[in-house]
């Protein structure tokens with residue numbers, strides 16, 4: 001096998017020789033546990049044969065293996081335990097399921113989504129109603145990648161509305177032109193930095209649901225504060241594009257109208273300032289005998305001693321502890337102050 005063949009099999013860079021260490025390979029293989037005796041087994045077998053013969057430079061084709069959780073869905077059984085395809089069943093508001101062809105009631109069961117159980121949701125139907133970007137977002141927002149999750153097509157509406165909010169945030173729907181807000185203060189500018197930081201870290205952990213949650217929070221905050229500057233929108237589109245590539249590409253080209261900067265798929269992940277990830281002020285809960293009685297807004301770097309003094313000097317706290325003896329004060333910087341009185 002020549003170098004070109006190994007590059008094809010191992011997807012290594014063209015500039016690297018096959019004999020070099022780490023000539024190629026797949027960084028991460030994501031597949032169900034059953035892949036251990038199916039696709040994964042076949043790929044490893046052929047690769048190990050080629051390695052033993054000296055044709056490839058690594059013993060394993062995949063650097064890391066990750067098993068995703070199962071997607072579950074309702075399946076429907078007749079009295080004789082035979083299965084009815086889900087698109088041939090009508091479900092009433094009270095949850096009663098009836099086979100359309102016979103009018104007979106069938107029993108809903110929860111099982112993994114599979115062709116054999118006749119409970120597969122056709123992606124084309126979801127895409128036809130909500131679009132491919134919504135479908136992708138919902139799959140990645142359902143929960144942790146390694147957890148089993150129930151499919152519910154009705155839940156896709158929330159992600160569909162999120163994409164609509166993104167579009168309205170970026171585009172004036174009456175003119176079709178890009179919106180652009182005036183430069184904001186530092187507190188508002190912190191939002192894109194936090195979203196980039198949280199989103200990138202979540203993707204690294206394969207926690208795509210957390211990355212999407214960060215984007216939803218960002219869009220809600222940006223909408224409330226009056227919009228985004230062009231620079232902020234440019235950075236946000238780079239984060240959005242891996243999850244909603246069609247909308248991401250459309251907005252990317254609108255942002256770069258008249259320029260030849262290529263696809264957003266080739267754009268670098270935006271940089272962020274670590275210092276922008278932290279609040280300059282934090283809200284501190286003040287408890288008296290374990291019950292929340294007041295809240296203080298203080299500089300984020302306030303130490304325990306200063307926090308204790310501020311809590312005890314608070315007018316509301318002084319009213320509540322008047323005539324009582326302070327036995328102990330526990331101050332946790334950045335979180336709370338607990339005052340024990342008798």
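The values are calculated or read from the model by the stated rules, or taken from the named source; none is laboratory data. Here the structure is a predicted model, which is why all the values come from computation and not from measurement. Neighbour counts run over all protein chains shown; Cβ positions are idealised from the backbone, glycine included.
When residue 215 is tested against (1) crowded, with 18+ Cβ neighbours inside 10 Å; (2) assigned to a helix (DSSP H, G or I); (3) in contact with a helix residue (DSSP H, G or I) (Cβ under 6 Å, 6 or more places away or on another chain), only condition (3) is not met.
Quick one: which of 194, 168 is outside any loop (DSSP other than H, G, I, E, B), in the same structural domain as residue 249 (by TED's automatic domain parsing) and either at pLDDT 95 or above or on the phi > 0 side of the Ramachandran plot (or both)? Walk me through how you get there before you give the answer.
On the way: 194 fails: either at pLDDT 95 or above or on the phi > 0 side of the Ramachandran plot (or both).
The match here is 168.
Restricting 292, 317 to those that are touching a strand residue (DSSP E or B) at 6+ places or on another chain (Cβ under 6 Å) and surrounded by fewer than 17 Cβ atoms within 10 Å (Cβ to Cβ) reduces the list to 292.
Just one of the numbered conditions (1) assigned to a helix (DSSP H, G or I); (2) crowded, with 22+ Cβ neighbours inside 10 Å is not true of residue 228: (1). Of the residues in the range 270-282, none is surrounded by 17 or more Cβ atoms within 10 Å (Cβ to Cβ), touching a helix residue (DSSP H, G or I) at 6+ places or on another chain (Cβ under 8 Å) and free of Cβ contacts under 8 Å to residues at least 60 places away in the same chain.
Among the residues in the range 171-180, are any within 30 Å of residue 75 (Cα to Cα) and either in a loop (DSSP other than H, G, I, E, B) or in contact (Cβ under 8 Å) with a residue 40 or more places away in the chain (or both)? No, that holds for no residue. Yes or no: the range 44-66 includes at least one residue that is more than 30 Å from residue 28 (Cα to Cα), in contact with a helix residue (DSSP H, G or I) (Cβ under 7 Å, 6 or more places away or on another chain) and surrounded by 13 or more Cβ atoms within 10 Å (Cβ to Cβ). No, the range 44-66 contains no residue that is more than 30 Å from residue 28 (Cα to Cα), in contact with a helix residue (DSSP H, G or I) (Cβ under 7 Å, 6 or more places away or on another chain) and surrounded by 13 or more Cβ atoms within 10 Å (Cβ to Cβ).
Number of residues in the range 88-127 that are outside any strand (DSSP E or B), within 17 Å of residue 154 (Cα to Cα) and over 30 Å from the mean Cα position of the chain (by Cα): the value is 4.
Of all residues in the range 286-342, those satisfying the criterion of being part of a helix (DSSP H, G or I) and over 30 Å from residue 275 (Cα atoms) are 312, 313, 315, 316, 317, 318, 319, 320, 321. Residue 201 passes every criterion in (1) under 24 Å from residue 141 (Cα atoms); (2) touching a helix residue (DSSP H, G or I) at 6+ places or on another chain (Cβ under 7 Å); (3) modelled with pLDDT of 90 or more apart from (2). Scanning the range 233-246 for residues being crowded, with 22+ Cβ neighbours inside 10 Å and part of a helix (DSSP H, G or I) gives a total of 5.
Scanning the range 187-209 for residues being farther than 25 Å from residue 254 by Cβ, without any contact (Cβ under 8 Å) to a residue 60 or more places away in the chain and surrounded by fewer than 19 Cβ atoms within 10 Å (Cβ to Cβ) gives a total of 4.
Contact annotation: residue pairs with Cβ atoms under 9 Å, 6 or more positions apart or on different chains, pairing a residue in the range 23-40 that is within 11 Å of residue 63 (Cα to Cα) with a partner that is at pLDDT below 80 and outside any loop (DSSP other than H, G, I, E, B), are 24/6; 24/7; 24/9; 24/10; 25/10; 26/10. Can you tell me which condition residue 32 does not meet? The list is (1) within 25 Å of the chain's Cα centre (by Cα); (2) at pLDDT below 90; (3) crowded, with 16+ Cβ neighbours inside 10 Å, and all the others hold. With (1) within 25 Å of the chain's Cα centre (by Cα); (2) at pLDDT below 90; (3) crowded, with 16+ Cβ neighbours inside 10 Å applied to residue 32, the lone miss is (3). When residue 142 is tested against (1) crowded, with 17+ Cβ neighbours inside 10 Å; (2) out of contact with any strand residue (DSSP E or B) (no Cβ under 7 Å at 6 or more places or on another chain); (3) under 30 Å from residue 233 (Cβ atoms), only condition (2) is not met. Check the range 92-100 and report whether any residue there is touching a helix residue (DSSP H, G or I) at 6+ places or on another chain (Cβ under 9 Å), loosely packed, with under 13 Cβ neighbours inside 10 Å and at pLDDT below 90. Scanning the range 92-100 turns up no residue that is touching a helix residue (DSSP H, G or I) at 6+ places or on another chain (Cβ under 9 Å), loosely packed, with under 13 Cβ neighbours inside 10 Å and at pLDDT below 90.
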